[in-house]
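Take a look at the structure below.
The values are calculated or read from the model by the stated rules, or taken from the named source; none is laboratory data. Given the structure is predicted, the values throughout are model-derived calculations rather than measurements. Glycine gets a Cβ as well: all are built from the backbone with ideal geometry, and neighbour counts include every protein chain shown.
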């Protein structure tokens, strides 16, 4: 499977998520940057958020600490295919802390795979309704100019309703960290926000 092409699919799917969560996220980003923005027409909400995320992820400076994740359920394989996108400099800071404060720098040919996998297993998980944490397979990572993509697969055969998702990447480093996860399961889509005071969320469809 070509994970590197998922970004375009993710951008299309992101703005079909929960309207309430997206509205909330837009307010967080706007307030963080002390901007004055009035949403005069809710029909333009997705376009506004698209612009905000474009500014965050395609410019050199990022005014808030955030990440975006796409979880796409592969019904044939009974597996969640997960793509996580983080700012590289923020992630390097988190990995340095994880690495006993020994400096970590990411590039295409680094040997940081075991460290990244260990960090992901601490901060990202999917548990079934019985609170059993599901094992996942770390596929690898890709580097962009200012961002790092990470890919994992989570075998999952139980009902998703009532499962618990953890996405606490970099929350131990940045108090204002916001992690957005877009979950696609069969015909259902859900957008979930994670903050330091809410690193876990129960998925209810």
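Among the residues of the range 93-108, is there at least one that is in contact (Cβ under 8 Å) with a residue 40 or more places away in the chain, crowded, with 19+ Cβ neighbours inside 10 Å and at negative phi?
We begin by selecting, within the range 93-108, every residue in contact (Cβ under 8 Å) with a residue 40 or more places away in the chain; these are 93-94, 97, 106.
Adding the requirement that they be crowded, with 19+ Cβ neighbours inside 10 Å leaves 94.
Within this subset, residues satisfying the condition of being at negative phi are 94.
Scanning the range 93-108 turns up at least one residue that is in contact (Cβ under 8 Å) with a residue 40 or more places away in the chain, crowded, with 19+ Cβ neighbours inside 10 Å and at negative phi.
Annotation for the range 50-57: no member residue is surrounded by fewer than 18 Cβ atoms within 10 Å (Cβ to Cβ), modelled with pLDDT of 95 or more, more than 22 Å from residue 199 (Cβ to Cβ) and over 16 Å from the mean Cα position of the chain (by Cα). Regarding the range 64-73, can at least one residue be identified that is more than 25 Å from residue 121 (Cβ to Cβ), modelled with pLDDT under 95 and not in a strand (DSSP E or B)? For the range 64-73, residues more than 25 Å from residue 121 (Cβ to Cβ), modelled with pLDDT under 95 and not in a strand (DSSP E or B): present.
Going through the range 126-153 one residue at a time, which ones are on the phi > 0 side of the Ramachandran plot and at pLDDT below 95?
So the first thing to find is which residues in the range 126-153 are on the phi > 0 side of the Ramachandran plot, and the list is 131, 140.
Passing the criteria: only 131.
Here residue 113 does not fit the description of being surrounded by fewer than 16 Cβ atoms within 10 Å (Cβ to Cβ) and closer than 21 Å to residue 192 by Cα. From the list 126, 120, 84, the lone residue that is in a helix (DSSP H, G or I) and surrounded by 17 or more Cβ atoms within 10 Å (Cβ to Cβ) is 120. Residues in the range 91-116 that are touching a helix residue (DSSP H, G or I) at 6+ places or on another chain (Cβ under 8 Å) and in a loop (DSSP other than H, G, I, E, B) were compared, and the one that is nearest to residue 172 (Cα to Cα) is 99.
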